[in-house]
Amino acid sequence: MPNQQVPLLERVFGGIKGLFKSAESAPVCEVCKQNEVYLECDGCKTPLCLKCVKYSFYSTGCGNVHPLYFCPKCNDDKDINP
Ligand SMILES: [Zn+2]
Ligand SMILES: [Zn+2]
């Protein structure tokens, strides 16, 4: 019964396509569009890779310092990164 082979092949190719699709849609840095996303900008939630992220430090005034991660745009924005 050769007709039964078609749905089987479709299922196999569908599975392979599904794998490729998930690889293609892996999150990529919004700034360079090249590297894998490492974290989000604390200002605009833009996905960033390790190379594009800008570190900033926010002091609470009582000795504690919180690290902040910004995209280059938010890093230069005085409203977001004072
Ligand atoms: Zn990047
Ligand atoms: Zn941002």
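For the peptides 44-54, 60-70, the ranking by mean Cβ contacts within 10 Å, running from highest to lowest, is 44-54, 60-70. Residues whose amide H comes within less than 5 Å of that of LEU68, counting only those at least five positions distant or on another chain, are SER56, PHE57, TYR58 (H built at 1.01 Å from N in the peptide plane).
Evaluating 6.51 cos²θ - 1.76 cosθ + 1.60 at θ = phi - 60° for every residue in the range 58-69, the Karplus couplings come out as 10, 8, 7, x, 10, x, 8, 10, 9, x, 10, 10 Hz, glycine and proline recorded as x.
Computed from the coordinates by the stated procedures, all read-outs in this text should not be read as laboratory data. Everything numeric in this text was worked out from a predicted model, so none of it was measured. As a convention, Cβ positions derive from the backbone with ideal geometry for all residues, glycine included, and neighbour counts pool all protein chains shown.
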